[in-house]
Amino acid sequence: MKRLSFIMAAAMTFLAVQTSYGQSKTFKLGQWSEIHNSIVMQLNHSYVDSLPVDRMMRAGVDAMLEELDPYTIYIPEEENDDLQLMLSNTYGGIGAIIHKPDGTNVTINEPYANSPAHKAGLRCGDEIVAIDGVPTKDLKIKESTDRMKGKPGTTVIFTVKKGLTGETVEVPVTRERIHMPDVEYAGMLNDTTGYILQNGFTENVSADIRAKVLDLKKQGMKRLVLDLRGNGGGLMGEAVNIVSLFVPKGTLVVSSKGKDERSLVEYHTTLDPIDTELPIVVLIGSGSASASEIVAGAIQDHDRGTIMGTRSYGKGLVQSIRPIAFNGQLKVTTAKYYTPSGRCVQAIDYSNRNDDGSVGHIPDSLTTEFKTASGRIVRDGGGITPDVTIEPEDYSRLVYSLVLGGVVDQYVIDYCKRHESIPAVDDFHYTAEDFEDFIKFAMTQEFDYRSSAKTYYDQMKKELEKDGLAESMKEQLAALEKSLDIEKEHFLRMKMDEIIPFIEEELATRYWFQEAGVKVRLRYDKQLEKALESPMLF
């Protein structure tokens, strides 16, 4: 009887604590809602100028959600097209990447193969002077793209200054539903090795992968490389369906768990596999996240293939789309996902912030060991660690400056204005003689061409000046600076072998479209080359 009384008392205490906790959370939410509304009403009544209500409220909502994690975002009705693009990689438009610095006309940078832009004869280097009669020079880039997009079947009229001839013509372009495929390239690397480059997980990519795998098998594929480097993820269901191609039907791929401990949901394969014995390598890197990690984690935990490359990003959070007032959408983090062995690969703990609001990575010392199907040890909390670590090529600071600073891109546009064609991609190589043309162009451009050593020197000199030591080391600093200073042209020549692959890839893409660019990239992919040489591939 005493035992029963004790249990009842404990249960009542638990319920009281739970009720109090729930009331406390609800009370605080109501309190802050009232405070917020009170502030807005008082500002509306008393503030000296008219309130920019839309801008204020959007900034407030965005700031509130930023306190949670980077993936929980508000999408108003007018941005629903962006949501559709995020989910399906489709939009209504002309199918081209444009270049548009402020104060310049729109320039066609990269038309997609068989797109409306391509079919209308637009090519890299063509300038769009006006869109439906509206001059583009003073438009912002978003204003320009918004005018180019539209309902499939509608027509937009461009006034175009042709890059090759300088002639100005009217070009009508009928918009279409543009789908940017997640499978960027699929082909045979040699007589027995198939290769698929996948850059997203939007709707129906798994069906595309299935078709590509079947086609590669017909071509004689005996082993497959699935390249997920730089793939930031997408839909969980597509990841499950991709894994289903290579494991028995009914295999556990991933599970998710939300706030409630009872919310555990397991996702098993429901489709018949294509091949459960085909040797597979999954290439990953620091940009491989979310659905990419679900695929890699399942393949690794079931010992179905070999994971190669470098540690993945570590995004173990699941988002869902929830409708909200006025036709808006809330993309909200609703769960964490776990690989078949039970690992959560989330690398950043957003729930425990530092006093300044910053967040940190989960240290390796706090990670936990798990085991694959064959008993191999794997760990959680920090992405997927590959079975075979292969570091990517390390580029010089100059190359990053040229590529990320847009110098290579600008050169390619200029090149396309001066050259009507290049050889077919298998025969095209940008030579050392061609590189002289790039040097002439680069010498007219402003960019940071300092070496990494020179940037460290500049920072060191500033610190010495702060400490009052620079004057006493004046001679030594002058000698060191002289030895580190490299003329722009000389440094460009020094790094020619690093720069040429980027120019070659971009030119191939502009003349022969995206698949051609990937073919060129594969010529110089040393990380892939090392993966193919690994004995663990067989």
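The values are calculated or read from the model by the stated rules, or taken from the named source; none is laboratory data. Being a predicted model, the structure only gives us computed values, none of them experimental. Note: ideal-geometry Cβ built from the backbone for every residue, glycine included; neighbour counts use all protein chains shown. What goes into the accessible areas is simple: the full protein's heavy atoms, side chains included, and nothing from ligands, DNA or RNA. Shrake-Rupley method; radii C 1.70, N 1.55, O 1.52, S 1.80 Å.
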Which values of log₁₀ I(q)/I(0), to two decimal places, follow from the Debye formula for the chain at q = 0.06 Å⁻¹ with a uniform point scatterer at every Cα?
-0.41
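So what is the calculated 222 nm ellipticity per residue for the chain, using -39500 (n - 2.57) for each DSSP H run with n of 4 or more, over all residues, to the nearest 500 deg cm²/dmol? Can you show the working numbers first?
Values: 16 runs with 213 residues, N = 538.
Taking each H run of at least 4 residues, the total per residue is -12500 deg cm²/dmol.
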Filter the GluC sites (Glu not before Pro) in the stretch 454-517 down to the DSSP loop ones having no more than 11 other Cβ atoms within 10 Å, then list what survives.
GLU487
Under 26 Å between alpha carbons, and skipping anything fewer than 8 positions from LYS149 in its own chain: which lysines qualify?
LYS100, LYS119, LYS137, LYS140, LYS161, LYS162, LYS331, LYS417
Can you bin the stretch 72-131 into rounded, prolate or oblate? Criterion: square roots of the alpha carbon gyration tensor eigenvalues sorted a ≥ b ≥ c, rounded for a/c under 1.5, prolate for a/b above b/c, oblate for the rest.
oblate
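Rounded if a/c is under 1.5, else prolate if a/b beats b/c, else oblate: with a ≥ b ≥ c from the C-alpha gyration tensor eigenvalues square-rooted, which is the stretch 26-68?
On the way: a/c = 3.93, a/b = 1.33, b/c = 2.96.
Oblate.
Averaging sequence separations of C-alpha pairs under 8 Å and six or more residues apart, then dividing by the length of the stretch 162-217, give the relative contact order as a whole percent.
Working: 40 pairs, mean separation 15.0, N = 56.
Taking the mean separation of contacting Cα pairs over the length of the stretch 162-217, I get 27 percent.
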Please list, in chain and number order, the residues 5+ apart from HIS268 or on another chain whose amide H is under 5 Å from its amide H, with Hs placed from the backbone.
VAL253
If the cut-off is 23 Å between C-alpha atoms, which lysines fall inside it for LYS466, apart from same-chain ones fewer than 8 positions away?
LYS454, LYS474, LYS482
Give me the accessible area per residue for the chain, probe 1.4 Å, as a whole number in Å².
55
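Classify the stretch 416-467 from the C-alpha gyration tensor, please: rounded if a/c falls under 1.5, else prolate or oblate depending on whether a/b exceeds b/c. Numbers along the way, then the final one.
On the way: a/c = 4.94, a/b = 3.21, b/c = 1.54.
Judged from the Cα gyration tensor, the stretch 416-467 comes out prolate (a/c at least 1.5, a/b above b/c).
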For HIS419 the rounded accessible area (nearest 10 Å², probe 1.4 Å, non-protein molecules ignored) is 60
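Of the heavy-atom accessible surface of the stretch 109-185 (probe 1.4 angstrom), what whole percent is carbon and sulfur?
On the way: 2080 of 3910 Å².
Ligands and nucleic acids excluded, carbon and sulfur give 53 percent.
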Pairs over 24 Å Cα to Cα, from LYS212/LYS519; LYS249/LYS519; LYS28/LYS259; LYS222/LYS371, come to LYS249/LYS519; LYS222/LYS371
Average projected area of the Cα convex hull of the stretch 397-497, in nm²?
7.9
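Determine the sum of side-chain charges near TYR457: Lys and Arg each +1, Asp and Glu each -1, restricted to other residues whose C-beta is under 12 angstrom from that of TYR457. Intermediate results must be reported in sequence, preceding the final value.
On the way: positive: ARG450, LYS454, LYS461, LYS462, LYS482; negative: ASP458, GLU463, GLU481, ASP485.
Net local charge, TYR457 excluded: +1.
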For the stretch 463-538, which whole-number percentage of the solvent-accessible area (1.4 Å probe, protein heavy atoms only) is attributable to carbon and sulfur atoms?
54
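Can you tell me, using C-alpha contacts under 8 Å and at least 6 residues apart, the relative contact order of the stretch 120-180 as a whole percent?
The value is 37 percent.
If R₀ is 35 angstrom, what is the calculated FRET efficiency for the pair GLN31 and MET86, using the beta carbon separation as r and rounding to 0.05? The partial results should precede the final answer.
Working: r = 35 Å, r/R0 = 0.99.
Plugging the Cβ-Cβ distance into 1/(1 + (r/R0)^6) gives 0.50.
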Between the stretch 139-204 and the stretch 404-430, the alpha-carbon center distance in angstrom:
18
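Let me have the relative contact order for the stretch 351-476, percent, based on Cα pairs under 8 Å that are six or more residues apart.
Values: 55 pairs, mean separation 23.8, N = 126.
19 percent.
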